[in-house]
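The structure under discussion appears below in the form of structure tokens.
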Amino acid sequence: MVETFKDFGFAVKTAIKGMGITLKTFFEKPVTLQYPEERPEVDSRYRGIHFLEQEKCISCKVCALACPVDCIHIESELPEKGLYDWDRFDIDYGLCMFCELCCFPCPTNCIHMGKEFDFSRFSRMDLVRNMLTWEGVSPAQKKEVDGIAAEKAAKKAAAAEAKKKAAQDEPKDTQDEKKDGE
Amino acid sequence: MLNPAMPLPDDPLDRDILIGAGDISTDEMYINMGPQHPSTHGVLRVLLRTDGEIVTEAHPHIGYLHRCAEKIGECLDYIKFQPYTDRMDYLAAMNNNLGYAMTVEKLAGLEIPERAQLLRVIIVELNRIASHLIAFGTYGLDAGALTPFFHAWREREEMLTLFEKICGARLTYNYVCIGGVVNDMPEGWEDMVLDFLDRFEKRWKEYNDLLTYNRIFIRRTADIGVITREDCVAYALTGPMMRGSGIDWDLRRDRPYMMYDRFEYDIPIGEGKMGTVGDCWDRYWVRMVEMKESGKIVRQAFDMLKGAEGTHKAKVPKVFKPKKGECYVGIENPRGELGFYIVSDGSKNAYRMRVRGPSFCNLSILEKLLPGAMIADAVMIIGSTDIVLGEVDR
Amino acid sequence: MFEQSIILSAIRDAIDWVLGLVGQDISILPLPVQVVLCGLIAAGGLMGAIAFAVLIYVWMERRIAGRMQARRGPNRVGPYGLLQTVADTFKLLRKEDIIPTGANRILFAFAPMLVLAGVVAAFAAIPISWDADKGEPIMIADIDLGIFLITAIVATEVIGVIMAGWASNNKWSLYGAMREAAQVVSYEIPLGLSLLVPVLIVGDLSLGAATEDQLGGNWLIWRNPFMWAVFFIFYVAGLANCKRAPFDLPEAESELVAGFHTEYSGLRFSFFFMEEYASMTLISAIGAIYFFGAGDLFGLQGSSSLIMFGVLLFKILVSIFVMMWIRWTLPRLRIDQVMTLGYKVLTPIAFFLLLGVTVWDLYDLNDKLWELFSRS
Ligand code: SF4
Ligand code: SF4
């Protein structure tokens, strides 16, 4: 009986002590961040949505290989050394776990983790994000590539012409040969 | 309802459930605690046979969160598996990273520079604090006090910001990597951590006033769920679960790894201050004191870091292929001994990866502890095991 | 009938006035119809007032909880989030009304109403203010058995809760109901005993008489040294009676999911919610009236009944704040501890206090002590 009463007294005492702490917190400033209005300051090391410095990327696909979940998809053509014809550089954020493993092995250090973090979408397909700033050939290199392409085309045309000519010439030769053979 | 073509299960418990024998109409009833229950800390399901408020039988059912982590570890390269370890014990991801990294390093015979080791110690101990904060908060929730949880989160949020500053992520850090740590600490980080620790110590006292020494809380936890020393050993309990029962065993001191033998800190053990040795309060108290001790270690580590040699990371070959062999490393996770056992066949990925999860082993004693307790006590006992289901189910 | 109640006669006058617009008189209605009509209007008004108060309480609770947990609480809908509860009410109204399979549909549907009805009905006997001109309390029904009626009618709530728990066909609900039965019934003893003390001093069971008795700063809490302890017992038992933390075992969310209302959704759920806050208000109102002088502010309030109502409201709000404060601080007790506390601590103390107060009053110790002091 005495024990129970003692306990009760103890309980009341400690309860009042605890209530003092909650009251203290009551008058302290809340720590909540009013999210959509106040954006958190994320650090420069923050691992958010990637960004790609496309002009530096050499399309070596090392990042795609290093990714544990295989969520980087790269497709590009290499028409000429140093020039890239980009088809696709997608990262599927439905899979990505923001581990940064893709960023370390990049030989030209051109894929980075960015600061963007609120990337919610209504469907999974929308979570696949295109990392490319431009598709196809870089605008800066467009001329060059066009030039090369034109040159190539010209070469090709010339070659074709030559071939045609050769082809036109050829039957005669064969005929000649045939004739010879006969 | 019952399909007559289906044979009845042999287990009387299952049979009773199937035919509905143990229902409301009888004295005892079966009741499912979880997987959708507020205080099973995730998706644990405990099947209880109750006699009124008293539990007479308990069967934990696990596996709702199974993600084949071990198998993934066998299929992926060693380096690629690192982020998956984050997702096992997500409350103490740094510790999981460390356990895995240390195992692989031992397998490959890598030497880790001193600076990297100290950074690891700092980050791991901070993570221990963060993890125990959750244990403290959710234990309050189990007891019905909601405020400690939010107070604990207030401090944990600050810690997460510190983690974010050093590694860029707030929950799944992937910071400790094979060979060292990913980044060296940024400028000013040390001061921020020390400043936080100062404030934290004040808050720690507040927590005690708010919850630890609250008489109602003591009455809810003292003498409840007592684990004897023998049981501890028999069920292979580790961590605070074991130390709460008065067994003085901590891998950091007794099987020193990294540089833990150079620090000075106490290892709290349960003394039965409020009731019997090995009750819920003792386990809780061990966690509370560990938070404080971790703070001490962090301070010492920062002091040692000034004279530390080496960089934050050792040279690791790009194509990482440890030689043939097997090895096991156990480290002191906030929840107990976290062990990784890896068999290597000399290829790029492990031949066998096995994780000894502390939560998984600690959970096993529920079957023994719960019978005889009341439902409210059952909640407290489950809470005192401080399990993380992500690691139980892996 | 109408002589006893200022509110009812005011309603009758209002009907009279409305009928006067169409050239009629209240006397065209037979007396029973008059009574029922006025009673219905009063009940509707009471219900509306309680519903409105609950909106405010829920907002208060969230804001207070938020600030005590270093958060902000709702602050998006309306100024300071005041409209958040309104929005939530609409959400609750739109929710599907789920009745689990195997539930006893009739009891399941009836339980929330019974639970709420008991508590709301009790408010009829609560004086909300004091009419200085007539020298009468303003209340719906100034019944001589006031407090007796209240404690009796509030007890029906237990039946409702047990019905809810049993009819839900859910084992957790059943646990909640059983706990409620055990807890509330046993806490009615210390509650009743602690209420007996002010009744003893006032010498009347009506709360109106208690209001009158305490006018001019003559609060019951000052009457003798036991009163603070009596009030403490009353408050603790009251907390247990309205299932507030640390006695929220019937709905203990970390143990019983949501206790007896686990299976309820939508409007029916909101009835339970309202009941909780209504009974908190009831306990606070009784506490304010029986211990802290009802609407009296040491006579400073003058003769305005509106100010007295405001003062009473303020006292109730303070008491409710304390209840919330306790809830957001303390852990929950276990059911056996709750019973131990009720039977082994509160009941004996209440008995002892009752005895003490009786002796004190019997020998007029107040006056004797006063004499002693003034002589020295
Ligand atoms: S590793 Fe770097 S350079 Fe190679 S494809 Fe990826 S982003 Fe481009
Ligand atoms: S962050 Fe990790 S998961 Fe995401 S793309 Fe890079 S390597 Fe893959």
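Points worth noting:
- Basic side chains Lys and Arg get +1 at the Cβ, acidic Asp and Glu get -1 at the Cβ, and with that the dipole of the stretch A:50-137 about its Cα centre reaches some 220 debye.
- For B:His312, the accessible area of its heavy atoms, probed at 1.4 Å with every protein chain present, is near 50 square angstrom.
- Inter-label distance, nm, simple model (7 Å from Cα along the C-beta direction), C:Asn169/C:Val18: 4.4 nm
- Charged side chains reduced to their Cβ positions (Lys and Arg at +1, Asp and Glu at -1) give the stretch B:69-393 a dipole of some 660 debye around its Cα centre.
- Span-like helix ranges in chain B, DSSP H, alpha carbon extent 15 angstrom or more, Kyte mean at least -0.5: B:93-108, B:114-143, B:147-167, B:280-305, B:375-385
- Value of Rg to Rh for the stretch B:242-347 (Rh from inverse mean 1/r over Cα pairs, i.e. Kirkwood): 1.09
- GNM result for chain B, Cα springs below 10 Å: residue of B:Gly239, B:Gly188, B:Gly34 fluctuating most strongly: B:Gly188
- Which of B:Arg287, C:Arg327 is most accessible, then next, and so on - probe 1.4 Å: C:Arg327, B:Arg287
- Count Lys and Arg as plus one, Asp and Glu as minus one, and take only other residues whose Cβ is under 9 Å from that of A:Cys71; the net charge is then -3.
- Ranking A:Phe122, A:Phe104, B:Phe81, A:Phe98 from most to least accessible surface, computed with a 1.4 Å probe over the protein chains only, gives A:Phe122, A:Phe104, A:Phe98, B:Phe81.
- Among the residues of B:208-214, the average count of other protein chain beta-carbon atoms within 10 Å of the residue beta-carbon is 6.
- For residues of A:5-13, the mean tally of beta carbons on other chains within 10 Å: 5
- Shielding by other protein chains, C:72-79, mean Cβ within 10 Å: 2
- Cα centroid separation, the stretch B:246-311 to the stretch B:171-203: 18 Å.
- In terms of the mean number of neighbouring beta-carbon atoms within 10 Å, the peptides B:345-357, C:23-35 order highest first as B:345-357, C:23-35.
- Coil-residue chymotrypsin sites (Phe, Trp or Tyr not before Pro) of the stretch C:303-376, DSSP, other Cβ within 10 Å capped at 13: C:Tyr363
- The P(r) of the protein assembly as shown has a tail past 54 Å containing 32 percent of all C-alpha pairs.
- The stretch B:55-157: relative contact order in percent, alpha carbon pairs under 8 Å with at least 6 residues between: 18 percent
- Relative contact order for chain C: 20 percent, from Cα pairs under 8 Å spaced at least 6 residues apart, divided by residue count.
- FRET efficiency estimate (nearest 0.05) - Cβ-Cβ, B:Trp189 to C:Ala152, R0 60 angstrom: 0.35
- Cα Rg, Dmax, the stretch C:255-355, angstrom units: 17.9, 51
- Charge tally in the Cβ shell below 11 Å around C:Gly266, where Lys, Arg are +1 and Asp, Glu are -1, C:Gly266 excluded: +2
- Each chain gives up part of its surface: A and B jointly bury about 2500 Å² of accessible area, both sides summed, for a 1.4 Å probe.
- In chain B, the DSSP-assigned H stretches of four residues or longer account for a calculated mean residue ellipticity at 222 nm of -14000 deg cm²/dmol, using -39500 (n - 2.57) per stretch and the full residue count as denominator.
- MRE, 222 nm, helices only [DSSP H, n ≥ 4, -39500 (n - 2.57), over chain C, to nearest 500]: -21500 deg cm²/dmol
- Diffusion coefficient of the stretch B:69-393 by Stokes-Einstein, Kirkwood radius over Cα pairs, 25 °C, 0.890 mPa s: 123 µm²/s.
- Take the accessible area of chain C alone and of chain A alone, subtract that of the pair, and you get about 1900 Å² summed over both chains, using a 1.4 Å probe.
- Rounded to the nearest 20, the Cβ-based charge dipole of the protein assembly as shown about its Cα centre (Lys and Arg +1, Asp and Glu -1) stands at 1880 debye.
- Whole-Å distance, taken between Cα centres, linking the stretch C:107-170 and the stretch C:307-359: 19 Å
- For the stretch A:1-150, alpha-carbon Rg over 2.2 N^0.38 Å: 1.85
- For the Cα trace of chain C, dividing Rg by the Kirkwood Rh returns an Rg/Rh value of 0.99.
The values are calculated or read from the model by the stated rules, or taken from the named source; none is laboratory data. In this text, all values refer to a predicted model and were calculated from it rather than measured experimentally. Heads up, the Cβs are rebuilt from the backbone with ideal geometry, glycines too, and the neighbour counts pull from every protein chain shown. We work out accessible area using only protein heavy atoms, side chains counted, and drop any ligands, DNA or RNA first. Shrake-Rupley method; radii C 1.70, N 1.55, O 1.52, S 1.80 Å.
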